[in-house]
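A quick write-up on the structure given underneath.
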Amino acid sequence: MDLTKGSIWQLLRKVTIPASTGSLFQTFYNLVDTYFAGRISPEALAAIAKSWPIYFIAIAVAVGIGAGTTALISNAIGAKEDRKASMYVAQSIVLAIVISIVVTLFGLNFSDELLRIMGSTEESIILTQEYLDIIFFGAIIVLVQLSLNGTLNAQGDTKSYRNVLIFTFFLNIFLNPLFIFGYGFIPAFGIAGLVIATLVSQCVGLIYLANKVYCCKLKKYLYIECFKPKFDYISTLFKQSVPIMFTMLMIMFGVFNIFYFVGQFGELATAGYGTAVRIEQVLLLPVIGLNTAVLSIAGQNYGAKMHFRVKEVYGKALMFGSGFMVLAGIFVYLTSEIIISFFTNDLEVIQRGALYLQVAALIGPVYPVFFITSALFQALKRPIYSLYMTILRLTLIPFMSLWYVINIRNGEYQDIFYTILVTNWMMGLVVLTFVPFFLKRVFIAVSYTHLTLPTNREV
């Protein structure tokens, strides 16, 4: 799809709706796992909650490669360099496979120590590891899947991944009870059954995406030789992806940081917060879709030197994202306890989770600022700025603030989230002030380079 032509509103709709729909089913996918974990026990629910920030390492790396792939391929397509785009398709898959091995080894060897830092008991660690050890073996599926999705996103195709997520959602619903509780010749795997069902579903999705990439227009220049590691392409992909990886890892550290302070109030507080976080993801679905749309649309227009359209997509995406979050936040604020009670009958878990959902609803309108600005940085091949923003917002400022509030001021459970509320809104205002100056500087630099340097030939 040519994203350098047509109405920005229409392009946002065409790309955002399929991406958001896909994200909806991805979130439902996670919520189904949460639901079945709650049916096992409150301890299993807490185990799933604590596994998330650790397994997020694999997700972070996968998203980094996917976003890096999208940015470079969309820029190449915008510049009419299809051969170069095809090379990035192949080399991103190679990079995904290599890095997945590293991620798997890390997860298998260090996840128990991370759980201890989070305050888990030895009994809780054993239960959580039963889940994590299996899911880390499937890291290669996630990394290659998001690499392939990055290729499709760059071409404006967000429907294929949406289809994958919808199908695997229903498949996961069918497989979860089979592997958790057993049926016929299938033994009851307990919490490990959640992972087995997930990996089977993801394998099916991977096959579908591989076929879609094989049939896309970039296939014309996609040969077996393209999959031989090429240092210059891998290096460029790595440089583009690493800041995004670290950005996502900072998100993980941010969640890990909150779990650390929440964990001081007991396992049930952890279960409540962990459940609420997964529900919060539903709130962010349109924003995640907008993130994908901005990355793709801004990426192609930046490659085509159409800077005015880059500014336009950023502004309109912010308007839509923040407006939606206001409406969604009102609904969640008023129904928070009802929503949490769907996943557990434990009153303390319900109360703890509902409190966070209410605060999350108040933070909601500023979330699009961070997501959409991050996509803008990536589309303009300045992912390092996304990393800086995330470090400040999710790691440095929250940790110092929460340490002071909880350990110095002897704050209560709810004070954790009120602190997060204040720091997010302050950071949002800073980002909105910075972006206009950033865009002016980047566009001037690109225009100067374009005038003084010869045009690169297709690779």
*Of ILE48, GLY107, PHE179, which is farthest on the positive side of the dipole of the chain, counting Cα position, with +1 on Lys and Arg Cβ, -1 on Asp and Glu Cβ, and the Cα centre as origin?*
GLY107
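Using DSSP to call loops (not H, G, I, E or B), can you name the chymotrypsin sites (Phe, Trp or Tyr not before Pro) in segment 211-260 whose Cβ has at most 12 other Cβ atoms within 10 angstrom? Walk me through the numbers on the way to the answer.
Values: sites: TYR214, TYR221, TYR223, PHE227, PHE231, TYR233, PHE238, PHE246, PHE253, PHE256, PHE259, TYR260; in loops: TYR223.
Those satisfying the criteria are TYR223.
Using 26 Å as the Cα-Cα cut-off, could you pick out the over-long pairs in LYS5/LYS311; LYS80/LYS239; LYS14/LYS228? The partial results should precede the final answer.
On the way: LYS5/LYS311 15 Å; LYS80/LYS239 22 Å; LYS14/LYS228 35 Å.
Pairs exceeding 26 Å: LYS14/LYS228.
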*asked:* Using only Cα atoms and rounding to the nearest 10 degrees, what angle (0 to 90) does helix 413-452 make with the longest principal axis of the chain?
replied: 10
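Give the relative contact order (percent, whole number) for segment 290-364; include only Cα pairs under 8 Å separated by 6+ residues.
Values: 48 pairs, mean separation 21.5, N = 75.
Contact order relative to length: 29 percent.
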_Suppose every Lys and Arg Cβ carries +1 and every Asp and Glu Cβ carries -1, with no other charges. What dipole size does the chain come out with about its Cα centre, to the nearest 20 debye?_
2380
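Using DSSP to call loops (not H, G, I, E or B), can you name the chymotrypsin sites (Phe, Trp or Tyr not before Pro) in segment 119-191 whose Cβ has at most 14 other Cβ atoms within 10 angstrom? Please report the intermediate quantities before stating the final value.
On the way: sites: TYR131, PHE136, PHE137, TYR161, PHE167, PHE169, PHE170, PHE174, PHE179, PHE181, TYR183, PHE185, PHE189; in loops: PHE185, PHE189.
Counting only loop positions with at most 14 other Cβ atoms within 10 Å, the chymotrypsin sites (Phe, Trp or Tyr not before Pro) in segment 119-191 are PHE185.
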*For the Cα atoms of the chain, what angle does the longest principal axis make with the long axis of helix 347-363, in degrees from 0 to 90, nearest 10?*
30
*So what is the relative contact order of the chain, in percent, for Cα pairs below 8 Å that sit 6 or more residues apart?*
25
*To the nearest 10 degrees, how steeply does helix 42-78 sit against the main Cα axis of the chain, on a 0 to 90 scale?*
0
*So what is the calculated 222 nm ellipticity per residue for the chain, using -39500 (n - 2.57) for each DSSP H run with n of 4 or more, over all residues, to the nearest 500 deg cm²/dmol?*
-28500 deg cm²/dmol
*Taking one equal scatterer on every alpha-carbon of segment 13-162, how large is log10 of I(q)/I(0) by Debye at q = 0.20 1/Å?*
-1.17
*Obtain the nm distance between the two label points defined at SER7 and TYR404 by a simple spin-label model: each point lies 7 Å from its Cα along the Cα-to-C-beta direction.*
4.8
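Every number here is computed from the coordinates shown, using simple stated rules; none is lab data. Every value quoted in this text rests on a predicted model; they were computed, and no experiment measured them. Note that we place each Cβ from the backbone using ideal geometry, even for glycine, and neighbour counts take in every protein chain shown.
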